[in-house]
Amino acid sequence: MSKPFYITTPVYYMNGAPHIGHAYTTVAADVLARFKKLQEEEVFFSTGADEHGLKIQRKAKEAGKEPQEFVDENVARFQELWRKLDIDYTKFARTTDPAHKQAVQKVLQDLHERGIIYKGFYEGRYCVGCERFKTDDELADGKCREHNMIPELLKEETYLMKMAAAQKELLEKIESNALHITPEKYKTEMLSFLRSENLQDVSISRKHVSWGIPLPFDESHTTYVWVDAFLSYLTVLGWSGDKNTLPAEWPVDAQIIGKDILRVHATIWPILLMHLGVPTPKLLLAHGHILSGGKKMSKTLGNVISADEMLEKFGVDGTRYILMSAGTFGDDLDLTMERMTEKYNADLANGLGNLVSRVLKLASQLKAPNSKLPTKQFPKNFLDLLNDYKLDEGLKYIWNIVSEDNKYIEETKPWELVKNDKAKFEEVIQKLLKDIALIAHLLQPFLPETSRKIETALQAGAVEPLFQRI
Ligand code: MSP
């Protein structure tokens with residue numbers, strides 16, 4: 001039996017409501033998961049919540065709530081958004097899950113016994129937004145590049161995880177694509193980092209943060225995000241922390257992440273696994289940031305575009321389409337409501353919606369419309385794009401057919417043919433029906449609801465308008 005395809009999103013911080021940055025990652029993972037399922041692969045798709053750490057502890061306090069109550073509420077908001085966005089995940093990971101906490105403690109105990117985790121002292125700049133100490137090259141004018149804030153200077157006792165001994169092996173894994181990082185520019189970036197810097201041991205615990213998992217060998221410390229959250233990729237599969245019994249889905253096939261957390265995913269995470277003797281991920285798929293006003297959109301910066309506003313305006317598939325077609329996968333995307341509305345009108349209302357309704361209207365004048373759906377196969381070029389994780393190009397491939405067909409209608413003028421050349425009319429409409437069935441088929445991973453609507457309309461021979469102009 002072949003191993004299920006295992007794909008993950010990050011586990012998101014539960015310090016507030018989700019926004020379209022999180023939605024971007026999760027929709028992309030959902031598209032890939034659906035694509036794999038359509039190729040008859042068994043898929044395990046996990047997303048989830050990262051619930052510990054200082055940032056969340058502080059936010060809960062500000063809201064006058066207990067941390068657990070606060071994260072429970074935010075988990076519900078994320079899950080609600082995933083439901084609205086038609087995200088078909090297999091399991092939702094939570095780092096406050098007791099089974100997860102137990103597994104993390106088991107791992108920490110083991111690493112401590114083997115001297116891989118040791119007590120030390122750390123002095124450095126701690127960014128609460130990132131929930132980690134930042135190195136000098138990660139700061140610009142003394143500020144964290146991600147959060148535009150001066151990190152707090154901390155001097156404290158901490159437990160550290162050894163990194164240096166694993167650096168060479170890690171570098172080789174990335175060079176040989178045993179740990180594949182894509183798009184290529186991110187692999188290059190990681191390689192040059194690993195070739196030029198010596199990895200420092202990383203702090204894995206905090207002494208004065210109560211909202212975390214207590215270290216089993218020193219309960220005055222808690223561990224949090226980096227270690228805790230990473231291990232959720234394993235515990236969500238039911239892993240108990242026993243390195244000799246790994247879940248059937250392991251190793252993970254694709255981990256989709258924003259570029260902000262690439263470096264930790266390409267260093268701390270695989271090295272943690274290597275220490276445990278557990279196989280490393282096969283692929284890290286990094287994407288760029290959604291910018292708003294030229295800056296990374298984030299709750300910490302307070303410049304978010306609301307997912308609910310998008311959903312209200314564009315609907316579920318409109319939102320999925322706008323996010324996935326917003327630009328080259330891997331690059332930063334600068335979005336504004338205005339540009340998104342233009343795109344919605346041009347590509348969905350006028351492009352696809354118009355094509356489907358025109359063709360079905362014309363087809364109602366045929367004696368026997370051919371509404372047979374094509375086979376389950378995807379055309380090779382389309383397959384290549386998706387297998388290469390070029391999601392935006394996959395959509396372009398489909399929209400090429402849409403605009404070619406709209407052009408074809410203008411050129412052949414079927415409304416005239418129906419009066420003076422019945423045979424040609426028949427030929428033109430059959431071709432268009434076949435194309436629309438293909439479009440519906442190709443849309444499945446991206447816009448599942450629209451795909452179903454078109455398939456139903458083809459059977460019924462009539463369609464409600466798919467996307468209303470706004
Ligand atoms: N909790 C950590 C991840 C731990 S994974 C073991 C974390 N959480 S987060 O809530 O900040 O989410 C970060 C991820 O959300 C990014 O990697 C990216 O996938 C997504 N995005 C958050 N803001 C984003 C943008 N503005 N643009 C695109 N995606 C971004 O980091």
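Numerical summary
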read-out	value
Residue among Gly258, Gly238, Gly212 that is of a type outside the set (Val, Ile, Thr), touching a His at 6+ places or on another chain (Cβ under 8 Å), over 27 Å from Lys119 (Cβ atoms) and not assigned by TED's automatic domain parsing to the domain that holds Lys390	Gly258
In region 227-265, residue nearest to Gln167 (Cα to Cα) [restricted to those that are of a type in the set (Val, Ile, Thr) and modelled with pLDDT of 95 or more]	Val264
Those residues of region 133-164 which are within 30 Å of Asn244 (Cβ to Cβ) and either touching a helix residue (DSSP H, G or I) at 6+ places or on another chain (Cβ under 9 Å) or in a loop (DSSP other than H, G, I, E, B) (or both), in sequence order	Tyr159, Met161, Lys162, Met163
Top-ranked residue of region 274-308 - restricted to ones that are away from the ligand (no atom under 12 Å from the Cβ) and not in a loop (DSSP other than H, G, I, E, B), ranked as nearest to Ile20 (Cα to Cα)	Asp308
Qualifying residue in region 286-294 (condition: at pLDDT 95 or above, on the phi < 0 side of the Ramachandran plot, among the hydrophobic types (A, V, I, L, M, F, W, C) and in contact with a helix residue (DSSP H, G or I) (Cβ under 9 Å, 6 or more places away or on another chain))	yes
Residue satisfying condition, being crowded, with 23+ Cβ neighbours inside 10 Å and touching a Leu at 6+ places or on another chain (Cβ under 8 Å), within set Tyr224, Tyr233	Tyr224
Residue count, region 33-65 (criterion: closer than 24 Å to Trp226 by Cβ, away from the ligand (no atom under 16 Å from the Cβ) and of a type outside the set (Phe, Trp, Tyr))	2
Single match in Lys84, Lys61 (criterion: more than 18 Å from His19 (Cβ to Cβ) and of a type outside the set (Asp, Glu))	Lys61
Any hit, region 371-394, residues being among the charged types (D, E, K, R), buried (at least 17 other Cβ atoms within 10 Å of the Cβ) and over 18 Å from Val31 (Cβ atoms)	no
Residue count, region 1-13 (criterion: more than 8 Å from the ligand (Cβ to nearest atom), among the aliphatic types (A, V, I, L, M) and at pLDDT 95 or above)	1
Boolean, Arg358 is touching a residue at least 24 places away in the same chain (Cβ under 8 Å), surrounded by 15 or more Cβ atoms within 10 Å (Cβ to Cβ) and within 16 Å of the ligand (Cβ to nearest atom)	no
Test: residue in region 320-328 that is more than 11 Å from the ligand (Cβ to nearest atom), over 18 Å from Asp50 (Cβ atoms) and free of Cβ contacts under 8 Å to residues at least 40 places away in the same chain	yes
Number of the exception - Pro214 against (1) part of a strand (DSSP E or B); (2) touching a helix residue (DSSP H, G or I) at 6+ places or on another chain (Cβ under 9 Å); (3) surrounded by 20 or more Cβ atoms within 10 Å (Cβ to Cβ)	(3)
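The values are calculated or read from the model by the stated rules, or taken from the named source; none is laboratory data. Here the structure is a predicted model, which means the values were calculated and not measured. All Cβ positions, even for glycine, are placed from backbone atoms using ideal geometry, and neighbour counts span all protein chains on display.
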